């Protein structure tokens, strides 16, 4: 079964109600955790759709990117959530016009977020004992978190030495992954480094200025998200 964490939680209700409840956290929890920890993240703003449409350029220019990810978020139950990534400013306006008739504009907020080219995406789990397990692939992260895609790259702590073991040899890619890991709060250095436990979802992106680096899109310190 492939699906997001909330779909997994719903399916688990028949077998393990307690685990289902512990997994079923709103996405906003992960976003708030990223902000609280100061992890690298996309700039984001939420405004009423009517406010945005009064001056779209003003709100998009504040984000400082050439492309955007937007979510049309219903504030009334009769409407449906819609989203799209990789849109230009003109594309954002066209997407809104195509999906929200003028009579329904007041029924939505819009979440505006930066969007950069996704080079890699995946997940990291750091156990309370400090061991690391990560899996990722080229391009978008979503297929890893839902279980729809098979990870292409795996990094894990060596059981005996604590050093990282990579199942790939590309030195540049190893360095890129280590930049992701190093962005996480930690103590110590080298093999003695201990990272903040939890479940992380990350991207490695190429920004508009050509620089490459990590972006975190979710963090959970809920023990239910750790490996058994």
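No lab work stands behind these numbers, since they all come straight from the coordinates. Nothing here was measured: the structure is a model prediction, and the numbers come from that model. Here the Cβ is made from the backbone with ideal geometry for all residues, glycine too, and neighbour counts use every protein chain on show.
Structure summary
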item: Computed [θ] at 222 nm, helices only, for the chain once each DSSP H run of length n ≥ 4 contributes -39500 (n - 2.57); result: -8000 deg cm²/dmol
item: Identified option (computed volume of the Cα convex hull per residue in Å³; candidates (i) 126; (ii) 142; (iii) 118); result: (ii)
item: Residues residue 46 and residue 99, FRET efficiency given R0 of 22 Å [Cβ-Cβ distance, rounded to 0.05]; result: 0.80
item: The chain: relative contact order as a whole-number percent, Cα under 8 Å and 6+ apart; result: 22
item: Sorted by Cβ density within 10 Å, fewest first, the residues 146, 80, 51; result: 80, 51, 146
item: Footprinting exposure proxy for 125, 155 (fewest neighbouring C-beta atoms within 10 Å first); result: 125, 155
item: Packing-based exposure ordering (other Cβ within 10 Å, fewest first) of 145, 179; result: 179, 145
